[in-house]
1. What are the residues in segment 88-111 that are among the small types (Gly, Ala, Ser) and surrounded by fewer than 20 Cβ atoms within 10 Å (Cβ to Cβ), if any?
2. From the list GLY50, GLY95, GLY105, exactly one residue is on the phi < 0 side of the Ramachandran plot and without any contact (Cβ under 8 Å) to a residue 60 or more places away in the chain. Which is it?
3. What number of residues within segment 60-76 are closer than 21 Å to GLY40 by Cα and either small (Gly, Ala, Ser) or touching a residue at least 40 places away in the same chain (Cβ under 8 Å) (or both)?
4. Consider segment 113-122. How many of its residues are assigned to a loop (DSSP other than H, G, I, E, B) and either at pLDDT below 95 or of a type in the set (Phe, Trp, Tyr) (or both)?
Amino acid sequence: MSERFSKWKMPVVKEGVPTKYNWVVQNKKGLKLGHKTDIGAFTYINAKNGVTIAAEVQIGSHCSIYSVSTIDGKAGPVVLKKNCRIGSHCVVLPGVTVGENTVVGAMSLVNKSLPPNCVAYGVPVKVVKRP
């Protein structure tokens with residue numbers, strides 16, 4: 001991780017209230033936030049069925065992470081594994097796991113789980129590069 005995380009502190013997260021970094025969590029009891037995470041401004045996280053964001057994960061601005069969908073009734077935990085990167089304006093749907101070290105390109109619809117160590121992007125998301 002870069003020097004900018006040398007003084008990282010766990011952010012204060014209040015139910016439905018923007019953090020000092022301007023991202024919001026609903027159902028905060030379901031959120032597990034790892035060390036040295038970076039969540040971009042205007043990101044929305046609904047953790048009703050659990051959202052785990054592991055250590056050193058980066059999430060771009062304007063992302064939406066849903067562990068529940070009122071449109072189609074889908075529900076399930078979302079897991080973002082260590083050191084994965086989610087580009088700006090992505091949507092992550094219920095029941096998805098993004099593997100360790102995986103990079104998701106901006107504006108992607110992550111509707112399925114992704115393996116570790118790959119690059120994926122698109123609507124819907126597709127793996128485009130593997131190690």
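1. SER88, GLY95, GLY99, GLY105, ALA106
2. It is GLY105.
3. Of the residues in that region, 4 qualify.
4. 0
The values are calculated or read from the model by the stated rules, or taken from the named source; none is laboratory data. In this text, all values refer to a predicted model and were calculated from it rather than measured experimentally. All Cβ positions, glycine included, derive from the backbone under ideal geometry; neighbour counts span all protein chains shown.
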